[in-house]
1. Output the residues belonging to the stretch A:199-217 that are at the interface with chain C (Cβ under 9 Å from one of its Cβ atoms) and either free of Cβ contacts under 8 Å to residues at least 12 places away in the same chain or open to solvent by 10 Å² or more (accessible area, probe 1.4 Å) (or both).
2. Out of B:VAL263, B:VAL249, B:VAL254, B:VAL227, I need the residue that is within 23 Å of A:ARG122 (Cα to Cα), β-branched (Val, Ile, Thr), crowded, with 24+ Cβ neighbours inside 10 Å and within 12 Å of chain A (Cβ to nearest Cβ). Which one?
3. Looking at (1) at pLDDT below 90; (2) away from every other protein chain (no Cβ under 14 Å), which is the one condition that is false for A:PHE152?
4. From the list C:LEU102, C:LEU130, pick out the single residue that is open to solvent by less than 10 Å² (accessible area, probe 1.4 Å), in contact with a Leu (Cβ under 7 Å, 6 or more places away or on another chain) and within 9 Å of chain A (Cβ to nearest Cβ).
5. Inside the stretch B:40-66, can you point out the residues that are open to solvent by 70 Å² or more (accessible area, probe 1.4 Å) and aromatic (Phe, Trp, Tyr)?
6. Every residue in the stretch A:56-105 that is of a type in the set (Gly, Ala, Ser), open to solvent by less than 40 Å² (accessible area, probe 1.4 Å) and outside any helix (DSSP H, G or I), please.
7. Is at least one residue of the stretch B:191-198 at negative phi, open to solvent by 10 Å² or more (accessible area, probe 1.4 Å), among the aliphatic types (A, V, I, L, M) and within 14 Å of chain A (Cβ to nearest Cβ)?
8. Among the numbered criteria (1) touching a Ser or Thr at 6+ places or on another chain (Cβ under 8 Å); (2) within 17 Å of B:TYR262 (Cβ to Cβ), which single criterion is violated by A:HIS53?
Amino acid sequence: MKTPLAVIVLAALLPLLAGEYYINLASQIVIFAVFAASINLLLGYGGLATLGHAAYLGVAAYLSAFLYLKLQLAHWAIAPLALIGTTLMAGVFGLVALRATGLGFLMLTLALSQVLWGTAYRWVSVTDGDNGLRGLARPMPFGINMNEAMPFYYFVLVIGVFAIWMMARFVSSPFGATLRGTRDQPRRMSALGYDVWLIRWITFIYAGFWGAVSGLLFVYYHKYIHPVSLSLANSAEGLLAVIAGGSGTLAGPIVGAAIVLLLKNWASAYIERWNMLLGFVFVFIVVLMPEGVVPGVKRLWQRRSASRG
Amino acid sequence: MQYWAIQTLNSLALGGLLFLLAAGFSLIFGLMRIANLTHGALFMLGAYIGVSVMRQWPNLWFAALAAGAAVAIFGGLLERFILRQIGGNVLGQVLVTLGVSFIIADACLLTWGGDPIPIPTPPLLQMPVRIGSFIFPAYRLAVVGIAVVVAIALYLLMERTRLGAMIRAGVDDPQMASAVGIPVSRLFSTVFCLGAALAGAGGVIGGPILSAYPGLDADMLPLALIVVILGGAGSLLGAFVGAFITGFVYTFGVALLPDLAYVILFLPMILVIAFRPRGLFGKFAA
Amino acid sequence: MAAALRIAGLKKSFGGLPAIADVTLEVAEGERRLIIGPNGAGKTTLFNLLTGDLSRDAGSITLFGEEVARLSTWRRCHRGLARTYQIITLFPKDTLEHNVALSLLGLSRRRWSMFGRLPASFYADAREVLARVGLEKVASRPIAEVAYGEKRRVEIAMALAQKPRVLLLDEPLAGLSREERGQLKSLIAGIPRETTVVMIEHDMDTALDLADRITVLHYGRVIVEGTRAEVVADPKTREVYLGH
């Protein structure tokens, strides 16, 4: 329990030490960490590699922006509607994608999210197409003005910590133990009395819900949503964060999200070609560091302390 | 009437292009269990290489052959020097192909710029063809013809040659195939190159209809995926039927409900997945 | 005694080749039934059909009078059917007690608990079951770190933990030393009679002692069935095993 608390305290102290630029960067990292952690539920704990998770981030963001800009609803009404709508969509997508496992599952999730991506470009009356939906204002909980970097960061941090805590509880629950069982030995799990399909479907919906939460935070941060947020590249960035950090660990997606965003941010100062760098990082990580950074460092640490003792 | 006749031809032409793209994807997936996500990028790379070749030698057919060969070499190198290194790591292989597709897309943007580059239709096929009371663009008819010829050639390759017999054996049971002495390693490289070549040449052949533009890869990949999901992985017939179904659904979707053309693509996919998860002609559950 | 397990006209083929051509058999409640037959006779396929790992082409499977052939695997488990695997199918990174606890959890409503913790009682119960198979000392070690013979016993412990009404043992003695086989034999012999046991085994010396009745399977058909003496005396058994 010590390490998570220390991380939260440090994260809470950050605005005292850093300027606005870094506070905003930290907000983005927290949002991206929630997104990556929701992918990790499927990939790391369920063994289900999804390449379509941007669908939930993007649809929740689009729903919020659409309801706010075109129907002029209030944020307190929009947020639950966007979350419920996106979660229902996750339920339907899960019915389709979980007809397969392994590569079939991956291709189905990819195809489903690409359909949404294409629709976001073409359904101009709803999405404003390539222009994206612009002009959303941040919510003002308890009348606090969230347009400043610092209050918004604390808003994101509170929700982000809650989200990751809820996901951590989920994977350490009895249900989480059965989920890991379905990843390792699905046949045995059926023989032990578990409905493997239902376990996966529930997890798929739960992961979709937290993906939607990250989408709400995402659209609050940017006040803007564009089809690119639904793209394969966005799903892939989330997946990369999970793999880079270490899938199937709690810290993995958080560390991975920080690595990917810092890299992206650093790179954008020097080069224009983020996608090419992203591609090279993908190849590099998969070929050279398939276990991820967190387990890799952990292993080195254990080896070091073992040689000391 | 003329409008619908043209839409039908457009569907067939798109179906033909999708077949060129998806046949290789399907064979690679069926034989090697690699979901090659570079396939859309290889199609686009082919189109751009075609653009450059035609600046020197303005002949579309020569450009298609040259682009096919160049992309095949690229695919071969990718298979041998990267994918093979992480054989057995199924997820890793998919992610690497995804990473490489980002690299290709960005390299194309860097080399050929952000504006769409049209690829001219061969002069002989620029004349419209009159059939009965309908007028058709000749080039689209030619694309359908090429797809059918390639399909027949691939069918003969699969059914009548030793290579084809080995591929079929490998798709049915990869372990058994290597146990009975089929040189699986060489076979993998061959099929990967063949699939890449089809995608690359397909990009040039599609050029006069689609042009070469950044994002062509991302537009084609989902269509190819849907073709394979519909038709079933590893099946040539499945790729053929799936390509034309997708071509029709997409073209008529765009014509009738332009906003929701992509959503309409869902429908056949969901129907097939619901009743036959392995696809119409699939040999195994993906 | 009522029939615990009744199989009638069961058929399954793979790509036109029949693995189970036509099997009809009945196992009484509390019985120990041994199924033998040469490799490829369809023994493991039969188990997979009983548990629902494979779906049958035709025929019926009844468990204590209830037709289960259309039920999914996990539902059959909840009707009291448990199995072990010929090829060790455990959770290698988890501890022995976690493996057995998963088995206990499978029949508990708590398996749907998404935000609670697994009660310590599950681990206590798991250690109790592990003690019955003599593994209490290594209960907190990961599966990957224990010996093969111990993994075999975990397989059985996981099945016993569920207090099944019908237990399918798929070659429980495979790959064990003479001494280990002796231990496992007394373990199987000690299974209470409330549990009906159906066992596939190649090691006749050990297995024949455990069995009340024996079924000989050949090319997916039952060719001989009876007591030990009847089966040994039957010329068809010799034919299958000795090729006369």
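1. Step one: of the stretch A:199-217, the residues at the interface with chain C (Cβ under 9 Å from one of its Cβ atoms) are A:199, A:202, A:206.
Of everything in the stretch A:199-217, those that are at the interface with chain C (Cβ under 9 Å from one of its Cβ atoms) and either free of Cβ contacts under 8 Å to residues at least 12 places away in the same chain or open to solvent by 10 Å² or more (accessible area, probe 1.4 Å) (or both) turn out to be A:ILE202, A:TYR206.
2. Details: B:VAL263 fails: crowded, with 24+ Cβ neighbours inside 10 Å; B:VAL249 fails: crowded, with 24+ Cβ neighbours inside 10 Å; B:VAL254 fails: crowded, with 24+ Cβ neighbours inside 10 Å.
Answer to the selection: B:VAL227.
3. In the conditions (1) at pLDDT below 90; (2) away from every other protein chain (no Cβ under 14 Å), A:PHE152 misses (1) alone.
4. On the way: C:LEU130 fails: within 9 Å of chain A (Cβ to nearest Cβ).
Just a single option satisfies the conditions, and that option is C:LEU102.
5. B:TRP57, B:TRP61, B:PHE62
6. Kept after step one, since they are of a type in the set (Gly, Ala, Ser), are these residues of the stretch A:56-105: A:58, A:60-61, A:64-65, A:74, A:77, A:79, A:82, A:85, A:90-91, A:94, A:97, A:100, A:102, A:104.
Adding the requirement that they be open to solvent by less than 40 Å² (accessible area, probe 1.4 Å) leaves A:58, A:60-61, A:64-65, A:77, A:79, A:82, A:85, A:90-91, A:94, A:97, A:100, A:104.
If the condition is that a residue be of a type in the set (Gly, Ala, Ser), open to solvent by less than 40 Å² (accessible area, probe 1.4 Å) and outside any helix (DSSP H, G or I), then A:ALA100 is the only one that fits.
7. Here is the first cut: in the stretch B:191-198, the residues at negative phi are B:191-198.
Cutting the leftovers down to open to solvent by 10 Å² or more (accessible area, probe 1.4 Å) gives us B:193-194, B:197-198.
Filter once more, so that each one left must be among the aliphatic types (A, V, I, L, M): B:194, B:197-198.
Now narrow it down to the ones that are within 14 Å of chain A (Cβ to nearest Cβ): none.
Within the stretch B:191-198, not a single residue is at negative phi, open to solvent by 10 Å² or more (accessible area, probe 1.4 Å), among the aliphatic types (A, V, I, L, M) and within 14 Å of chain A (Cβ to nearest Cβ).
8. (2)
The values are calculated or read from the model by the stated rules, or taken from the named source; none is laboratory data. Bear in mind the structure is a predicted one, so any value in this text is a computation, not a measurement. In this analysis, Cβ positions are derived from the backbone assuming ideal geometry, glycine residues included, and neighbour counts consider all displayed protein chains. Please note that ligands, DNA and RNA were not included when accessible areas were found on the heavy atoms of the full protein model with its side chains. Shrake-Rupley method; radii C 1.70, N 1.55, O 1.52, S 1.80 Å.
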